[in-house]
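Novice: If you scroll down you'll find the structure; I have some questions about it.
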Amino acid sequence: MDIILQFLNENLTMIYLLVFASYLGMEIISKVPTVLHTPLMSGANAISGVVVIGAIYLLRQSAPNDYFAMILGLLGITLATINVVGGFAVTNRMLEMFNKKKKAKS
Amino acid sequence: MEALTTLLNYTYLVSIILFIIGLKKLSHPETARKGNLMAAAGMGLAILTSLIYPIEGANNNYIWILGALIVGATIGLGVAKKIKMTAMPEMVSLFNGLGGASTMLVALVEFYNYPAATDPLNGQMITTAFALFVGSISFTGSMIAYGKLQGFLRDSLVLPAPQVLNIVMLVLSIGAGAFLLSQPEINFNYVLILLALSLVYGVTFVTPIGGGDMPVVISLLNSFTGIGAALAGLIYGNQVMIFGGILVGASGTILTVLMCNAMNRSLFNVVIGGFSSSGKAAAGTDGDQVAKEATATDVAIQLKYAQKAIIVPGYGLAVAQAQHTIHELEKILAEEGVDVKYAIHPVAGRMPGHMNVLLAEADVPYENLLELEAANKEFPSTDIVLVVGANDVVNPAAKVDESSPIYGMPILDVELAKNVVVMKRSMNPGYAGIQNPLFFGEKTKMLFGDAKKSIQKLIEEVGNI
């Protein structure tokens, strides 16, 4: 129990951050036209690939001969990068089409 | 060194701000593209920062890291460029699953690295256990969703007593996590048990949910991945991961709810087996009713001499890649003096906005697209409605049949038009697995075949008349 209290105390700022970020996330996306649901989901999905940073930290701290950590960490970086880069690129492609549509309108 | 650390802590802040503004802009049509680029820039900056952020006694392994980043980026870009617009939903699901897998791997290695003698009952370990749990669910769940949308897995694949199985798996996974943490010291075998159970739970969680609900599920799993990333961020005390992850977790949840609202269903209803569990009840209604078949010539004549025609596109249009062909038909008819519009159901296709993306690709002018309510006002005065590969979104059972799994979903009232022509590959029920009484309606005729070929035929026939 003490250990948990200690964790809660030490990470106070992080926990504050957690609470405010949740609120902000809900506030930002209150009214979205249906047309944008898919691109928004795809863009948010790319942001969720932010775990790549954890994988980078993990690898930077691993000993090169620690094969378990090295292999899984590298796989983690690769997969998360596919998520990030692919996610943003796909979102951009979708939104490009909407732009085309706007030009056709004018 | 100190100065560099301080500076880098603030570049993380810049990344976070870019994420927030990016997401905000992404939810408005005019700024969406800019928003996406801003979020991407934020991510690039965050990755760069994480590479140079001073870590005491780090081995760095830069060559390996850069290699993995380059491989991942190349694959990601390649896939994103090649993928057809129609396969977008499954793509998002696949990407999301990879993000979840990454969270899972990071948590797994962290467990492996904790010195065996530590008492597992502390905040760090609890967080890691949760990250492992959430990441694994997101991974296998997204893969199942991907399989369902790709058609590898059909909805007919039913697990025995899905609801019970689901609860049992959830209890088992949480139990395994609690057991792992209650041990006097870390036992990696128990970690692996938690991993295995969480992976299976992801499968049992998504499998019973019908394919028609997959967009909602993907959005939900997306917010799981965000939460997983935030939990992993707590392990490293990294603000960008916490903030970015939670931002996605929260906005993903809201987006999920918005999507459910568009279908007039509750999230609870979707997760606790909406379509698939009650699909059997409605499947038997086709009885010995016979649908009337039309020829392309009939339809072409009707179209050419109509004053007002409305096209209702659905997933079939996407599958057949017929967006350009339908636009061509629409232009030809417009030249003949027919008033042609498209009626877009918010959840037509496999994702909200799917049809908008598709028709935008074919340069269909925005003002020719009618939204649900506007379209429903137009149908009574419409001479002919051309339903192209849509099914559940025009199913009148949603209005009258309380036993129907889609009861209550707002639909396009195409049956109010003077004539309805349904273009479909076969009489098979739609993705939700429900029969459609519209097909047997008095005013309805069926035109069987691949949407693209049928439309091409119509174009020819209209020209011949």
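The values are calculated or read from the model by the stated rules, or taken from the named source; none is laboratory data. Note that this is a predicted model, so its numbers are computed, not measured. All Cβ positions, glycine included, derive from the backbone under ideal geometry; neighbour counts span all protein chains shown.
Novice: Could you please let me know if B:ALA300 is of a type in the set (Gly, Ala, Ser), in the same structural domain as B:PRO365 (by TED's automatic domain parsing) and either in contact (Cβ under 8 Å) with a residue 60 or more places away in the chain or in a strand (DSSP E or B) (or both)?
Specialist: When the stated conditions are applied, B:ALA300 passes them.
Novice: A further question follows. Taking the options B:ASN269, B:ASN264, name whichever one is assigned to a loop (DSSP other than H, G, I, E, B), more than 7 Å from every other protein chain (Cβ to nearest Cβ) and either at pLDDT below 85 or touching a Ser or Thr at 6+ places or on another chain (Cβ under 8 Å) (or both).
Specialist: That would be B:ASN264, the only listed residue that is assigned to a loop (DSSP other than H, G, I, E, B), more than 7 Å from every other protein chain (Cβ to nearest Cβ) and either at pLDDT below 85 or touching a Ser or Thr at 6+ places or on another chain (Cβ under 8 Å) (or both).
Novice: Further question: Exactly one condition in (1) crowded, with 22+ Cβ neighbours inside 10 Å; (2) hydrophobic (A, V, I, L, M, F, W, C); (3) under 30 Å from B:ALA348 (Cβ atoms) is false for B:ALA131; which is it?
Specialist: (3)
Novice: Still on this structure, I have one more. Before we move on, is B:ASN96 in contact with a helix residue (DSSP H, G or I) (Cβ under 6 Å, 6 or more places away or on another chain), outside any helix (DSSP H, G or I), within 7 Å of another protein chain (Cβ to nearest Cβ) and not hydrophobic (A, V, I, L, M, F, W, C)?
Specialist: Here the answer is no, as B:ASN96 does not meet what is asked.
Novice: Can you list the strands (runs of 3 or more DSSP E) found entirely within the stretch B:364-465 that contain at least 2 residues being closer than 23 Å to B:GLU293 by Cα?
Specialist: On the way: elements: B:369-371, B:384-388, B:419-424, B:444-448.
Correct list: B:384-388, B:419-424, B:444-448.
Novice: Working carefully through the options B:LEU51, B:LEU7, find the one that is over 24 Å from A:PHE88 (Cα atoms) and part of a helix (DSSP H, G or I).
Specialist: On the way: B:LEU51 fails: over 24 Å from A:PHE88 (Cα atoms).
Of the residues listed, the single one that is over 24 Å from A:PHE88 (Cα atoms) and part of a helix (DSSP H, G or I) is B:LEU7.
Novice: Another question about this same structure. Just to check your reading of the model, which residue among B:LEU69, B:LEU105 is in the same structural domain as B:LEU153 (by TED's automatic domain parsing), at pLDDT 95 or above and closer than 28 Å to B:SER198 by Cβ?
Specialist: B:LEU105
Novice: With the checklist (1) at pLDDT 80 or above; (2) part of a helix (DSSP H, G or I); (3) surrounded by fewer than 18 Cβ atoms within 10 Å (Cβ to Cβ); (4) not aliphatic (A, V, I, L, M) in hand, flag the one item B:SER277 doesn't pass.
Specialist: Just one mismatch for B:SER277, condition (1).
Novice: Facing chain B (nearest Cβ under 7 Å), among the β-branched types (Val, Ile, Thr) and within 30 Å of B:ALA360 (Cβ to Cβ), is that true of A:VAL85?
Specialist: Working: facing chain B (nearest Cβ under 7 Å): yes; among the β-branched types (Val, Ile, Thr): yes; within 30 Å of B:ALA360 (Cβ to Cβ): yes.
Spelling it out, A:VAL85 is indeed facing chain B (nearest Cβ under 7 Å), among the β-branched types (Val, Ile, Thr) and within 30 Å of B:ALA360 (Cβ to Cβ).
Novice: Assess whether B:LEU69 counts as being part of a helix (DSSP H, G or I), out of contact with any Phe, Trp or Tyr (no Cβ under 8 Å at 6 or more places or on another chain), closer than 27 Å to A:LYS31 by Cβ and within 9 Å of chain A (Cβ to nearest Cβ).
Specialist: Numbers: part of a helix (DSSP H, G or I): yes; out of contact with any Phe, Trp or Tyr (no Cβ under 8 Å at 6 or more places or on another chain): yes; closer than 27 Å to A:LYS31 by Cβ: no; within 9 Å of chain A (Cβ to nearest Cβ): yes.
In short, no.
Novice: Give the residues of the stretch B:75-97 that are within 18 Å of A:VAL51 (Cα to Cα) and either assigned by TED's automatic domain parsing to the domain that holds B:GLN323 or without any contact (Cβ under 8 Å) to a residue 24 or more places away in the chain (or both), sorted by residue number.
Specialist: Listed by number, the residues that qualify are B:ILE75, B:GLY76, B:PHE95.
Novice: Have a look at A:LEU58, A:LEU5 and point out the one that is in a helix (DSSP H, G or I), without any contact (Cβ under 8 Å) to a residue 40 or more places away in the chain and within 7 Å of chain B (Cβ to nearest Cβ). Quick ask: steps written out before the conclusion?
Specialist: Numbers: A:LEU5 fails: within 7 Å of chain B (Cβ to nearest Cβ).
A:LEU58 is the lone residue from the list that is in a helix (DSSP H, G or I), without any contact (Cβ under 8 Å) to a residue 40 or more places away in the chain and within 7 Å of chain B (Cβ to nearest Cβ).
Novice: For the stretch B:388-429, which positions are over 27 Å from B:ILE301 (Cα atoms), hydrophobic (A, V, I, L, M, F, W, C) and at pLDDT below 85?
Specialist: B:ALA397, B:ALA398, B:VAL400, B:ILE406, B:MET409, listed by residue number.
Novice: Please identify the pairs in which a residue from the stretch B:107-120 that is more than 10 Å from A:LEU58 (Cβ to Cβ) has its Cβ atom under 6 Å from the Cβ atom of a residue that is among the charged types (D, E, K, R), counting only partners at least 6 apart or on another chain.
Specialist: Every condition considered, the pairs that remain are B:ALA116/B:GLU185; B:ALA117/B:GLU185.
Novice: Of the conditions (1) more than 27 Å from the chain's Cα centre (by Cα); (2) part of a helix (DSSP H, G or I), B:ILE186 satisfies every one except a single condition; which number is it?
Specialist: (2)
Novice: Starting from residues that are of a type in the set (Gly, Ala, Ser), crowded, with 18+ Cβ neighbours inside 10 Å and under 25 Å from the mean Cα position of the chain (by Cα), keep the ones in the stretch B:22-51 and report whichever is modelled with the lowest pLDDT.
Specialist: Residue satisfying both the conditions and the ranking: B:SER27.
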